Amino acid sequence: MSRDVKNRNSVVIPATPEDWFPWLEQENARSIQTYMGKPSLLIADFNREQQITHDYEGREILELLQNANDQAAEINQSGRVCVELLPEGLVFANTGQPFSTAGVASLQTSHLSPKRARRRQIIGSKGLGFRSVLNWSQTPIILSGGLRLAYSISHALARLKLLMEKSAEIEDLISEERQGSDRLILPLLPFPLYTDDGDLSSHLTNDVEAQMLSRCQALIDAGYDTVIGMPFDQPQSYNAAREQIAELRPEILLFTQNLAELRFRIDSAEEQVWKLDHLDGISRVLSN
């Protein structure tokens with residue numbers, strides 16, 4: 001029996017992985033049907049995902065903070081954020097409204113954010129910011145409420161193989177786009193990896209992905225509502241993430257009005273904590 005939860009804006013948020021599974025199955029079937037019906041759309045969506053990812057390069061941490069701010073605003077509560085940076089990857093955790101079905105749909109289809117109708121209350125409006133993490137990781141992991149998703153190159157290749165087997169037109173388009181290479185010509189985000197019970201561990205392909213999943217689960221257990229793990233697959237990703245974090249100042253909490261706490265854990269360094277405090281109508285940011 002489905003246990004979907006609706007918030008005050010009638011947003012549908014399935015409560016468990018078992019509740020998410022039929023919806024994810026339906027969306028997967030729709031994606032396959034769409035590309036089968038119009039093969040050229042597969043190439044267009046692939047190129048669009050690549051372009052949007054490139055356009056957001058250098059804004060990855062800011063985009064994640066913006067999303068966290070919006071998720072806190074959705075439930076009218078002050079949000080908390082924890083950022084863990086390891087040589088192997090980055091983990092970003094926040095409190096606030098978990099992913100809804102509309103939120104996951106916005107990952108799969110650009111410019112379909114559930115926030116687009118509430119631009120005055122919510123910072124983000126296009127559902128594009130999450131795509132920035134693809135600059136650092138082609139295999140991000142999402143734990144959010146009852147949702148358990150991962151992205152996998154091997155999983156995407158299997159989906160592409162299925163599409164090519166079903167459609168000679170898709171096979172021809174892919175061959176033309178590849179120009180003799182074997183690169184993956186498929187938008188990643190429409191085809192997440194998921195299971196009927198939410199267990200992703202057996203589907204991850206290496207120790208780094210398993211480590212990221214473990215850290216994600218630890219932060220969920222610590223009380224965060226949404227955690228995104230990004231195993232680095234680009235050699236410059238660690239330094240880029242570290243530089244973006246170093247550029248942040250505590251005053252950012254004055255602009256992300258729905259966030260009250262930021263925590264940064266970088267390698268083995270001492271944890272850094274910024275908190276927003278309101279006293280007598282004056283906002284102050286406290287550092288450590």
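Does Asn288 satisfy the criteria of being of a type in the set (S, T, N, Q), closer than 16 Å to Cys82 by Cα and in contact with a helix residue (DSSP H, G or I) (Cβ under 6 Å, 6 or more places away or on another chain)?
Values: of a type in the set (S, T, N, Q): yes; closer than 16 Å to Cys82 by Cα: yes; in contact with a helix residue (DSSP H, G or I) (Cβ under 6 Å, 6 or more places away or on another chain): no.
Against the criterion (of a type in the set (S, T, N, Q), closer than 16 Å to Cys82 by Cα and in contact with a helix residue (DSSP H, G or I) (Cβ under 6 Å, 6 or more places away or on another chain)), Asn288 does not qualify.
In segment 224-235, how many residues are within 21 Å of Asn206 (Cβ to Cβ) and either open to solvent by less than 10 Å² (accessible area, probe 1.4 Å) or touching a Phe, Trp or Tyr at 6+ places or on another chain (Cβ under 9 Å) (or both)? Before the answer, list the steps.
Of segment 224-235, the ones within 21 Å of Asn206 (Cβ to Cβ) are 227-235.
Filter once more, keeping what is either open to solvent by less than 10 Å² (accessible area, probe 1.4 Å) or touching a Phe, Trp or Tyr at 6+ places or on another chain (Cβ under 9 Å) (or both): 227-234.
Residues in segment 224-235 being within 21 Å of Asn206 (Cβ to Cβ) and either open to solvent by less than 10 Å² (accessible area, probe 1.4 Å) or touching a Phe, Trp or Tyr at 6+ places or on another chain (Cβ under 9 Å) (or both): 8 in total.
Looking at Asp277 and the list (1) without any contact (Cβ under 8 Å) to a residue 40 or more places away in the chain; (2) out of contact with any Leu (no Cβ under 9 Å at 6 or more places or on another chain); (3) of a type in the set (Asp, Glu), which single condition is not satisfied?
Only one criterion in (1) without any contact (Cβ under 8 Å) to a residue 40 or more places away in the chain; (2) out of contact with any Leu (no Cβ under 9 Å at 6 or more places or on another chain); (3) of a type in the set (Asp, Glu) is unmet by Asp277, namely (2).
Specify the residue that is most open to solvent (accessible area, probe 1.4 Å); the eligible residues are those in segment 258-275 that are over 15 Å from Glu63 (Cα atoms) and part of a loop (DSSP other than H, G, I, E, B).
Within segment 258-275, the first condition is being over 15 Å from Glu63 (Cα atoms), and the residues that meet it are 260-261, 263-275.
If we keep only those that are part of a loop (DSSP other than H, G, I, E, B) as well, we get 267-271.
Working: Asp267: 65, Ser268: 116, Ala269: 62, Glu270: 153, Glu271: 59 Å².
In this case the residue turns out to be Glu270.
Within segment 160-178, track down each residue that is open to solvent by less than 10 Å² (accessible area, probe 1.4 Å) and within 27 Å of the chain's Cα centre (by Cα). Steps first, answer last, please.
Initially, segment 160-178 is screened for residues open to solvent by less than 10 Å² (accessible area, probe 1.4 Å), giving 160, 163, 170, 174.
Once the filter is applied, which keeps residues that are open to solvent by less than 10 Å² (accessible area, probe 1.4 Å) and within 27 Å of the chain's Cα centre (by Cα), segment 160-178 yields Leu160, Leu163, Ile174.
For residues in segment 13-39 being open to solvent by less than 40 Å² (accessible area, probe 1.4 Å) and among the hydrophobic types (A, V, I, L, M, F, W, C), which is farthest from Gln257 (Cα to Cα)? So that I can check it myself, show each step before the final result.
As a first pass, look at segment 13-39 and keep what is open to solvent by less than 40 Å² (accessible area, probe 1.4 Å): 13-14, 16-17, 19-20, 24, 27-28, 31-32, 35, 39.
Among the residues that remain, those that are also among the hydrophobic types (A, V, I, L, M, F, W, C) are: 13, 20, 24, 32.
Details: Ile13: 24, Trp20: 31, Leu24: 33, Ile32: 40 Å.
So, considering only residues that are open to solvent by less than 40 Å² (accessible area, probe 1.4 Å) and among the hydrophobic types (A, V, I, L, M, F, W, C), the one farthest from Gln257 (Cα to Cα) is Ile32.
With the requirement that a residue be more than 27 Å from Ala240 (Cα to Cα) and either open to solvent by 10 Å² or more (accessible area, probe 1.4 Å) or not in a helix (DSSP H, G or I) (or both), what does segment 40-73 give you?
So the first thing to find is which residues in segment 40-73 are more than 27 Å from Ala240 (Cα to Cα), and the list is 40-44, 73.
Listed by number, the residues that qualify are Ser40, Leu41, Ile43, Ala44, Ala73.
Pick out the one residue from Leu189, Leu134 that is assigned to a loop (DSSP other than H, G, I, E, B) and within 26 Å of Pro14 (Cα to Cα).
Unique residue meeting the criteria: Leu189.
Among the candidates Ala156, Ala210, single out the residue that is free of Cβ contacts under 8 Å to residues at least 60 places away in the same chain, assigned to a helix (DSSP H, G or I) and open to solvent by less than 10 Å² (accessible area, probe 1.4 Å).
Working: Ala210 fails: open to solvent by less than 10 Å² (accessible area, probe 1.4 Å).
After applying the criteria, what remains is Ala156.
The values are calculated or read from the model by the stated rules, or taken from the named source; none is laboratory data. Bear in mind that the values here come from a model prediction, so they are computed numbers and not experimental data. As a convention, Cβ positions derive from the backbone with ideal geometry for all residues, glycine included, and neighbour counts pool all protein chains shown. Calculation scope for accessible area: heavy atoms of the full protein, side chains included, ligands and nucleic acids excluded. Shrake-Rupley method; radii C 1.70, N 1.55, O 1.52, S 1.80 Å.
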